[in-house]
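The values are calculated or read from the model by the stated rules, or taken from the named source; none is laboratory data. Bear in mind the structure is a predicted one, so any value in this text is a computation, not a measurement. Counting neighbours? That spans all protein chains shown, and the Cβs are built from the backbone with ideal geometry, glycine included.
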Amino acid sequence: MGIVEAEARKKRRYTNIQQALLATVALAGVALVATTAPNLPMALDKLPAIKRAKLRYQYKTALGKLAAQGHIVFEKRDGKQYARITESGHKALAFEQEKAKLSNAKKKRWNGRWRVIIFDVPERRRKTRDRLRETMERTGFARLQDSVWVFPYDCEDFIALLKAELKIGAAVLYMVVEHIENDKHLRAHFGLK
């Protein structure tokens, strides 16, 4: 495995750990930091010492990153440290859940309608525009033009959350289209008949 692949794998692993911790804290409301992953101590005992230390480090790092991003805050009660999800954490969790739904939508039967997302984000907000394009690409949308993207399944909730997160509501339009001329390449891209 190459260096770039290894780095990408490491980043995905941290993201997965962060999402699991965020979901756990969200479900619990307020969770004792030591018990955020309740089976972690038992699972760690079965691993070799080196792997145990690495997992503990990843767990603490993931919690620290979530706190740095403002998704959780730590509170002390009765001498114990607790993690509590913030409003920002709820939004991030909802966004990730919608992204997961899009992945599952690809297993559904297509209704023959294309979802077209067009945007016009001004040059002064170039970083936001680039982040929007990157998110669309990572999520699996197909690019028709620089500011026109297509997806075959319902993604309105995902786009609404993305618009809210990037604060670009009026600059992005969501359309449901019956037919796109010469859509063979799109059907092939998404594996549709």
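Tabulated data for the structure shown
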quantity: Condition check for Glu137: free of Cβ contacts under 8 Å to residues at least 12 places away in the same chain and of a type in the set (D, E, K, R); calculated: yes
quantity: Subset of the stretch 81-91 (residues that are in a helix (DSSP H, G or I) and over 14 Å from Ala164 (Cβ atoms)); calculated: Gly89
quantity: Meets criteria (at pLDDT 80 or above and out of contact with any Phe, Trp or Tyr (no Cβ under 7 Å at 6 or more places or on another chain)) for Leu144; calculated: yes
quantity: Count of the stretch 121-156 residues which are surrounded by fewer than 15 Cβ atoms within 10 Å (Cβ to Cβ) and among the charged types (D, E, K, R); calculated: 11
quantity: Any chance Lys163 is charged (D, E, K, R) and on the phi > 0 side of the Ramachandran plot; calculated: no
quantity: Where Trp114 falls short, out of the listed (1) of a type in the set (A, V, I, L, M, F, W, C); (2) surrounded by fewer than 11 Cβ atoms within 10 Å (Cβ to Cβ); (3) modelled with pLDDT of 80 or more; calculated: (2)
quantity: Residue among Ile168, Ile180 that is touching a helix residue (DSSP H, G or I) at 6+ places or on another chain (Cβ under 7 Å), surrounded by 17 or more Cβ atoms within 10 Å (Cβ to Cβ) and in contact (Cβ under 8 Å) with a residue 12 or more places away in the chain; calculated: Ile168
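Per-residue answers, yes or no, for (1) out of contact with any Leu (no Cβ under 6 Å at 6 or more places or on another chain); (2) touching a residue at least 24 places away in the same chain (Cβ under 8 Å); (3) farther than 13 Å from Phe190 by Cα:
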{"site": "Trp110", "(1), (2), (3)": "no, yes, no"}
{"site": "Arg115", "(1), (2), (3)": "yes, yes, no"}
{"site": "Asp120", "(1), (2), (3)": "yes, yes, yes"}
{"site": "Arg126", "(1), (2), (3)": "yes, no, yes"}
{"site": "Ala142", "(1), (2), (3)": "no, yes, no"}
{"site": "Phe151", "(1), (2), (3)": "yes, yes, no"}
